[in-house]
Amino acid sequence: MKQIVLLISAIALLSCSKKELKNSDTISAEAKRIDSINLERQRLNDSIAVRNQQNIWKDLSGKHDLHYSSNESSAFSGTANFEKTGRDLYKVTGSAKSGKNTLNIKGTIKRVSEKHLNFEGEITQKINGTAFKRTQKTTFFNEGKGKFWRLQNKINGSGFVDYIDIYF
């Protein structure tokens with residue numbers, strides 16, 4: 001009698017274990033399929049993110065010459081540093097100085113074409129003791145007169161024309 005009970009118990013245990021094993025195999029296979037789909041989606045999203053960070057135009061990261069010239073003072077130069085923050089988007093900081101004359105630039109530049117840089121930020125200058133600040137959105141444009149982009153908002157607070165150039 002004990003042997004029969006043991007035999008029935010062993011059969012019941014084995015049959016239950018097999019059913020649970022089959023169930024866990026089915027869930028595991030479904031989970032593996034979902035994981036593989038999610039992995040493929042992640043790879044695709046990562047490749048899209050990488051492509052969205054790639055510049056359309058040539059990378060401008062690094063130091064560039066910054067020049068100032070005007071009819072009311074002598075020309076002087078300095079540097080502007082471009083730090084990439086996104087697709088064709090840069091944080092720009094720079095300065096130029098000659099004696100008491102200074103020019104500072106700080107803001108963001110978005111390259112929108114081979115010839116156009118849209119600038120948003122602040123350009124401050126002190127020329128011959130007169131301070132002037134530009135804070136409007138403006139454009140630097142390659143006018144074809146050299147290897148530089150020239151600020152298009154050229155008239156300063158005194159009514160004189162300023163040429164502010166960033167060289168490439």
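The values are calculated or read from the model by the stated rules, or taken from the named source; none is laboratory data. Keep in mind that what you see is a predicted model, and the values were worked out from it rather than measured. Ideal geometry is used to build each Cβ from the backbone, glycine not excepted, and the neighbour counts take in all protein chains shown.
Note on region 106-137: residues that are over 20 Å from the mean Cα position of the chain (by Cα) and hydroxyl-bearing (Ser, Thr, Tyr) total 3.
Could you please let me know if residue 130 is more than 18 Å from residue 89 (Cα to Cα) and touching a Gly at 6+ places or on another chain (Cβ under 9 Å)? Break it down into steps so the answer makes sense when it comes.
On the way: more than 18 Å from residue 89 (Cα to Cα): yes; touching a Gly at 6+ places or on another chain (Cβ under 9 Å): yes.
Criteria met by residue 130.
Among residues belonging to region 87-105 that are exposed (fewer than 15 other Cβ atoms within 10 Å of the Cβ) and more than 19 Å from residue 168 (Cα to Cα), point out the one that is nearest to the chain's Cα centre (by Cα). Filtering first and then ranking leaves 97. Step by step: first the residues of region 132-163, then only those that are within 19 Å of residue 75 (Cβ to Cβ) and among the hydrophobic types (A, V, I, L, M, F, W, C), then the one that is modelled with the lowest pLDDT. Which residue is that? Restricting to residues being within 19 Å of residue 75 (Cβ to Cβ) and among the hydrophobic types (A, V, I, L, M, F, W, C), the top hit is 160.
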